[in-house]
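Worksheet: one structure, shown below.
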Amino acid sequence: VRTVTFTTPRAVTRSHARHFRSVRARHEMEVRSVLREAQRQRGKPYSYGGAGPRAFDCSGLVMYVFSKAVGRALPHNAAAQYHSVVHIKRSKVQPGDLVFQESGGVPYHVGIYAGHGKWWHAPHSGTTVRKQRIYHGHKYYGRVLTTGFAKHHKH
């Protein structure tokens, strides 16, 4: 009886490691870009249907930030945005991910997770774009950035 052993050539593992580092670096750069762009919108007024650059509603803010920061097109509606992103568990949420509030299973409000339990969002009439602690309520989570990274590299 012969024993056959399969090994992965070092060049292949080095190449995979280089690729992984490259994808991770791109993901981190996109996250920084999205969070910087969200911060630039701080203080701009909420306006129903607003998609920037002077005023925003919640999904308009998300749409504008992702388009401006990383060239990603998203629809202008929280539920449509939810259905256009990779869904993730709460335990996997990272800065740059989307946080959705839902009622009856339908997402109606969206913001960008900023880390440490806070998000960037345009809350409602009479308020401005702000970073604040995520308040209670039913939540869904989604990932826009580097979809290949999100699907193939578990954290």
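Of note:
- Number of the exception - Pro107 against (1) buried (at least 21 other Cβ atoms within 10 Å of the Cβ); (2) within 13 Å of the chain's Cα centre (by Cα): (2)
- Subset of the stretch 52-68 (residues that are in a helix (DSSP H, G or I), open to solvent by 50 Å² or more (accessible area, probe 1.4 Å) and within 17 Å of Ser125 (Cβ to Cβ)): none
- Remark: pairs (first residue in the stretch 24-47, crowded, with 18+ Cβ neighbours inside 10 Å; second residue among the basic types (Lys, Arg); Cβ separation under 7 Å; 6+ apart in sequence or on different chains) = Glu37/Lys68; Lys44/Arg54.
- Subset of the stretch 138-155 [in a loop (DSSP other than H, G, I, E, B) and either at pLDDT 75 or above or in contact with a Pro (Cβ under 7 Å, 6 or more places away or on another chain) (or both)]: His138, Val144, Leu145
- Residues of the stretch 127-137 satisfying the condition of being farther than 21 Å from Lys44 by Cα and either out of contact with any strand residue (DSSP E or B) (no Cβ under 6 Å at 6 or more places or on another chain) or at pLDDT 95 or above (or both): His136
- Checked against (1) in contact with a helix residue (DSSP H, G or I) (Cβ under 9 Å, 6 or more places away or on another chain); (2) open to solvent by 50 Å² or more (accessible area, probe 1.4 Å); (3) at positive phi; (4) not polar (S, T, N, Q), Gly71 passes all but a single condition, namely (1).
- Of all residues in the stretch 72-98, those that are touching a residue at least 60 places away in the same chain (Cβ under 8 Å) and assigned to a helix (DSSP H, G or I) total 3.
- So Gly49, is it in contact with an Asp or Glu (Cβ under 8 Å, 6 or more places away or on another chain), assigned to a loop (DSSP other than H, G, I, E, B) and closer than 20 Å to Val31 by Cα: no
The values are calculated or read from the model by the stated rules, or taken from the named source; none is laboratory data. Since the structure is predicted, the reported quantities are computational estimates derived from the model, not experimental observations. Using ideal geometry, Cβ is built from the backbone for each residue, glycine included, and neighbour counts are taken over all protein chains shown. SASA here: full protein model, heavy atoms, side chains in, ligands and nucleic acids out. Shrake-Rupley method; radii C 1.70, N 1.55, O 1.52, S 1.80 Å.
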